[in-house]
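To keep things clear, I will list the structure first and then write my remarks on it.
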Amino acid sequence: MKNYFYVFFIAMVPLVELRGAIPAAYIIKAAVPEFNLLAAYILIALGNMIPVPFIYFFARRVLEWGKDKPYIGKFFTFCLEKGEKGGRKLMEKAGRGLFVALLLFVGIPLPGTGAWTGTLAASILDMDFKSSILAVICGVALAGIIMGVLCTLGLGAYIGVRT
């Protein structure tokens with residue numbers, strides 16, 4: 001049971017998110033054969049999505065409040081600038097297709113393009129809450145599929161060579 005909590009909480013960590021939790025689940029599966037990857041995927045997706053509404057409604061306010069504070073100012077400014085930069089890129093590339101652009105931004109598993117940054121960008125762009133959340137959910141699903149395929153190919157090849 002602790003392994004399921006482990007991957008659930010990894011998925012909630014900013015910058016790591018689902019992209020780190022799925023490989024961790026595959027590593028656990030290699031060590032603990034009874035570990036259920038389907039259950040882990042569901043928990044990972046939930047763990048990745050739990051912070052999203054809070055980020056959408058509160059992150060921008062908190063970051064703007066803290067950007068000039070002594071110890072947290074640099075980090076808060078970094079997060080705010082990252083969200084603004086991601087939002088501008090989405091607007092430039094997407095035009096009217098902002099939903100699809102946000103989905104792909106969240107769904108392509110590159111560092112810094114997950115649900116946290118995508119939701120912050122949607123908040124900064126004043127996107128509609130429902131369409132933002134739907135785009136992020138679809139992006140998380142896409143990232144999960146991509147990471148699952150990559151882990152299956154990579155970790156499967158590694159385990160095959162070891163045995």
Taking the chain, how many lysine pairs are there with alpha carbons less than 23 Å apart, if each pair must be eight or more places apart or span two chains? 15
Which ³J(HN,Hα) values in Hz, rounded to whole numbers, follow from the phi angles of segment 128-142 under the Karplus curve 6.51 cos²θ - 1.76 cosθ + 1.60, where θ = phi - 60° and Gly and Pro get x? 4, 4, 5, 5, 4, 5, 5, 5, 5, 4, 5, x, 5, 4, 4
Using only the heavy atoms of the protein chains and a 1.4 Å probe, how would Lys2, Lys69, Lys85 rank by accessible area, largest first? Lys2, Lys85, Lys69
What's the extension gain from Phe57 to Val149 if we count 0.36 nm per residue and subtract their Cα-Cα distance? 29.8 nm
Segment 23-163 - Rg and Dmax from Cα coordinates, angstrom: 17.4, 55
On full extension of the chain, what length is gained from Ala141 through Phe75, given 0.36 nm per residue of separation minus the C-alpha to C-alpha distance? 20.9 nm
Spacing of the two label points (7 Å from each Cα toward its C-beta) at Leu38 and Glu64, in nm: 4.6 nm
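The values are calculated or read from the model by the stated rules, or taken from the named source; none is laboratory data. The structure displayed is predicted, hence computed values, not measured ones. All Cβ positions, glycine included, derive from the backbone under ideal geometry; neighbour counts span all protein chains shown. Just so you know, the surface numbers come from the protein's heavy atoms only, side chains and all, with ligands and any DNA or RNA stripped out. Shrake-Rupley method; radii C 1.70, N 1.55, O 1.52, S 1.80 Å.
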